[in-house]
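Asker: Sharing a structure below in structure tokens format, with a few things to ask.
The values are calculated or read from the model by the stated rules, or taken from the named source; none is laboratory data. As the structure is a prediction and not an experimental result, all values here were calculated from the model. Here the Cβ positions follow ideal geometry from the backbone for every residue, glycine too, while neighbour counts run over all protein chains shown. The protein model used for the area step is the full one, side chains on, heavy atoms only, and it has no ligands, DNA or RNA in it. Shrake-Rupley method; radii C 1.70, N 1.55, O 1.52, S 1.80 Å.
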Amino acid sequence: MRLQHRFAQLGNEFSAHTHIQPLQEQRLVEINKLHAQHLAIDVTDAQTLSILSGETTLSDSLSMVYAGHQFGGFTPQLGDGRGVLLGEVIAQDGSYHDLHVKGSGQTPFSRQGDGRAVLRSSIREYLACEAMAALGIPTSRALALYDSQQAVYRERPEIGAMLIRTAQTHIRFGHFEYFFAHKKTTELQRLIDFTLENYFPHCLNTEQPIKAMLIEVVERTARMIAKWQAVGFQHGVMNTDNFSILGETIDYGPFGFMEDFNDRWISNHSDHDGRYAFHRQPGIGLWNLNCLMHAFSGHLTRDDLIEVLKHYEPCLQDHYDTLMAQKLGIKVDESLEPLLEKLFALLRREKLDYSFFFRSLSHLTPNNPELLLDEVIDREAMSQWLDYYWSVRNKSQVANAQHMMLCVNPKFVLRNYLAHEVITAAEKGNYLPFRQLLAVLSSPFEEHPESNSLAMRSPEWGKDLEVSCSS
Ligand code: AMP
Ligand code: MG
């Protein structure tokens, strides 16, 4: 495996040399062969495996320094407290991908933390990355998972683990905030130039390259969040240090996929005020972009920055409308908003499972309304909505509407209780349930009739599982 080290060349102000500190009796338990193939990584090569596990140390591996707005307050210095950037690989298509390890031991940025990750959260992140990718949402990817015999202490002793992940970049909003807050003007300029040259080269020959780049950041972020809202994904910790400059979903912690419909739902048990509640995600995305713009206030005028931010709302709304229309099998027109408004009111009242509803709707024909009528208490209200829905859909005349709906409304969703069950088995050394779940989440629109049990809605106990920042 040949690694590139573009970020390391930025120098000491940007990172600290760090390498993986392997766990006791560390064991490779999963490797993403398809993704490895795409990245041209030979996972049968002993030297490659030895780099991934940390047995071979690399002189250029590093931990990044950054800052971030966490739950609204600014922390002037954060950084990879438990992460190491090994370098970059060049995929078959010529694109660059960071190779990053989470849980590899303390770094100069660990603060009071132990630098470790537990098996529970590493499995959750592995599944989330792959589920999101299969849903067509820009995301970091899981490449390999290690477990160990090392105890890592959270609320209870847990199994230490390490996740190797890839992303187009690990440069976050918080990187720019760090250099701006510390008045490191030269370094901020170098980071901006680095980002432009390596990730936004097409902006370089525009009249205002920085402005062009920021407009793209705003639009990528808007589209990412529109996709989250459409599939019912909640990130849980939308701090600016968890926001990629390339609009990929990164740093999965107490995330969740909405089950019983509730747009005020809070997936993160530690988020007492609901700052990152589901319905607030679009607004928080803009708030975070505002923080990012502040770091560019020495580079663009206030008017320019405001103009950049104005791209956010229409871009998010347009993309969301397109996605929701696809989920409903209709075209975007003036009926979409009232149709959704009435639907959400109904789903909320009936506490209907969000993904289950849309998958069922994809199977619906005017002759079998029972498919949905039998799911609700207020059959009359559902029947009225369905009449309205069919009138819009018939008018829309979308070719192959049912096929389109089955390709965007997943049968398989990463439900908390499913994650919980595969984690419980894995903690006892049985990774079979994890692999079965991973397989269906990796192609969630296919029927997989042998795995119907993984498409069921949560049992009541599964709805009360708590996930928090402790990972
Ligand atoms: P997160 O909420 O996971 O995005 O983490 C916020 C910050 O705390 C990041 O800089 C992490 O690298 C760091 N961090 C989280 N958990 C640990 C840990 N167990 N040890 C050291 N640093 C950590
Ligand atoms: Mg983070």
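Asker: Give me the percent of the accessible area of region 7-173 that comes from carbon and sulfur atoms, probe 1.4 Å, all protein chains in place.
Answerer: Whole-percent figure for carbon plus sulfur exposure: 47.
Asker: Roughly speaking, what is the centre-to-centre gap between region 148-181 and region 416-435 when only Cα atoms are used, to the nearest Å?
Answerer: 21 Å
Asker: Let me ask something additional. Probe radius 1.4 Å, ligands and nucleic acids ignored: give me the carbon and sulfur share of the accessible area of region 322-406 as a rounded percent. Don't jump to the answer; show the numbers that get you there.
Answerer: Details: 2200 of 4270 Å².
Whole-percent figure for carbon plus sulfur exposure: 51.
Asker: Now for a separate question. Find the relative contact order for region 1-136 and round it to a whole percent, using C-alpha pairs within less than 8 Å whose residues are 6+ positions apart.
Answerer: 24 percent
Asker: Obtain the nm distance between the two label points defined at SER383 and TRP461 by a simple spin-label model: each point lies 7 Å from its Cα along the Cα-to-C-beta direction.
Answerer: Going by the 7 Å Cα→Cβ label model, 3.8 nm.
Asker: Only Lys, Arg, Asp and Glu count, each charged at its Cβ (+1, +1, -1, -1), so figure out the dipole size of region 7-173 about its Cα centre, rounded to 20 debye.
Answerer: My answer is approximately 520 debye.
Asker: What number in nm² do you get for the chain if you take the convex hull of its Cα atoms and divide its surface by four?
Answerer: 22.7 nm²
Asker: Please report the net charge: other residues with Cβ closer than 11 Å to the Cβ of VAL29, K and R +1, D and E -1.
Answerer: Details: positive: ARG27, ARG435; negative: GLU30, ASP147.
Counting the neighbours of VAL29, the net charge comes to 0.
Asker: Under a crude label model (7 Å from the Cα following the beta-carbon direction), how far is GLU421 from ASP333 in nanometres?
Answerer: 4.3 nm
Asker: May I ask you to derive the FRET efficiency for SER95 and HIS182 from their Cβ-Cβ distance with R0 = 41 Å, giving the value to the nearest 0.05? Can you show the working numbers first?
Answerer: Numbers: r = 32 Å, r/R0 = 0.77.
Using R0 = 41 Å, I get an efficiency of 0.80.
Asker: What does the charge add up to near VAL398, with Lys and Arg as +1, Asp and Glu as -1, over the other residues with Cβ less than 13 Å from its Cβ?
Answerer: Taking every Cβ under 13 Å from that of VAL398, the sum is +3.
Asker: Which whole-number percent gives the relative contact order of region 322-406, counting Cα pairs below 8 Å spaced six or more residues apart?
Answerer: RCO, region 322-406: 46 percent.
Asker: From the backbone phi of region 308-319, what are the Karplus-calculated ³J(HN,Hα) couplings (6.51 cos²θ - 1.76 cosθ + 1.60, θ = phi - 60°) in whole Hz, Gly and Pro given as x?
Answerer: Per-residue couplings from phi come out as 4, 5, 5, 6, 5, 4, x, 5, 5, 4, 4, 5 Hz.
Asker: With a probe of 1.4 Å, find how much accessible area region 255-329 has per residue, and write the answer as a whole number in Å². Show your work: numbers first, answer last.
Answerer: Numbers: 3380 Å² over 75 residues.
On a per-residue basis, region 255-329 sits at 45 Å².
Asker: Expressed as a rounded percentage, what relative contact order does the chain have, with Cα pairs under 8 Å and six or more residues apart?
Answerer: The value is 15 percent.
Asker: Measuring from the lowest to the highest alpha carbon on each principal axis, how far does region 322-406 reach, largest first, in angstroms?
Answerer: 32, 24, 21
Asker: With a 1.4 Å probe and all protein chains kept in place, how much accessible area does ARG349 have, in Å² rounded to the nearest 10?
Answerer: ARG349 has an accessible surface of roughly 150 Å² with all protein chains in place.
Asker: Moving on. Given LYS342/LYS411; LYS227/LYS342; LYS227/LYS428; LYS102/LYS310, which pairs have Cα atoms separated by over 32 Å?
Answerer: Distance filter (> 32 Å) returns LYS227/LYS428; LYS102/LYS310.
Asker: Restricted to Cα positions, what overall size does region 213-293 have along the principal axes? Three whole-Å values, descending.
Answerer: The principal-axis extents, from largest down, are 38, 23, 19 Å.
Asker: Can you compute the helix-only [θ] at 222 nm over the chain? Use -39500 (n - 2.57) per DSSP H run of at least 4 residues, normalise by all residues, nearest 500 deg cm²/dmol.
Answerer: Values: 17 runs with 197 residues, N = 471.
Here the helix-only value at 222 nm equals -13000 deg cm²/dmol.
Asker: For GLY79, which sequence-distant residues (separation of 5 or more, or a different chain) have an amide H within less than 5 Å of its own amide H, given hydrogens modelled in the peptide plane?
Answerer: Long-range HN contacts for GLY79: TYR66.
Asker: What are the residues whose amide H is under 5 Å from the amide H of PHE233, where those residues sit 5 or more places off or on another chain and H is modelled from the backbone?
Answerer: Under 5 Å from the amide H of PHE233 lie the amide H atoms of MET258, each far enough along the sequence or on another chain.
Asker: As an exercise, use a Förster radius of 22 Å and the Cβ-Cβ distance of GLN397 and GLU313 to find the FRET efficiency, rounded to the nearest 0.05. Mind dumping the intermediate values first?
Answerer: On the way: r = 30 Å, r/R0 = 1.35.
Rounded to the nearest 0.05, the efficiency is 0.15.
Asker: When you count, for each residue, the other Cβ atoms within 10 Å and take the mean per peptide, how do 331-337, 449-455, 30-36, 207-213 rank with the highest first?
Answerer: 30-36, 207-213, 331-337, 449-455
Asker: Okay, next question. Highest first, please rank the peptides 19-26, 355-362 by the mean number of other Cβ atoms sitting within 10 Å of their residues.
Answerer: Averaged packing, sorted descending, gives the order 355-362, 19-26.
Asker: Right, next: What order do you get for 78-87, 298-307 when each peptide is scored by the mean count of other beta carbon atoms within 10 Å, highest first?
Answerer: Ranked by mean Cβ neighbours within 10 Å, highest first: 78-87, 298-307.
Asker: Under a point spin-label approximation (7 Å from Cα along Cα-to-Cβ), what is the LEU28-ARG154 distance to one decimal in nm?
Answerer: Each label point lies 7 Å from its Cα, and together they span 2.6 nm.
Asker: While we're on this one: Name the long-range amide H neighbours of ARG172: under 5 Å, sequence gap of 5 or more, or other chain; modelled H, no Pro or chain starts.
Answerer: Long-range HN contacts for ARG172: ILE245.
Asker: If you don't mind, another one. Between ASP303 and HIS363, what's the calculated FRET efficiency when r is the beta-carbon distance and R0 is 60 Å? Round to 0.05.
Answerer: Once the sixth-power term is evaluated, E becomes 0.70.
Asker: Where in region 69-100 does the amide nitrogen come within less than 19 Å of the point 7 Å from the Cα of GLN37, taken along Cα to Cβ?
Answerer: 90-95
Asker: Let me ask something additional. Could you tell me what % of all Cα pairs in region 261-326 have separations over 14 Å?
Answerer: Values: 1444 of 2145 pairs.
The share of Cα pairs beyond 14 Å in region 261-326 comes to 67 percent.
Asker: Same structure again: Could you provide, to the nearest whole Å², the per residue accessible area of region 416-463 with probe 1.4 Å?
Answerer: 52 Å²
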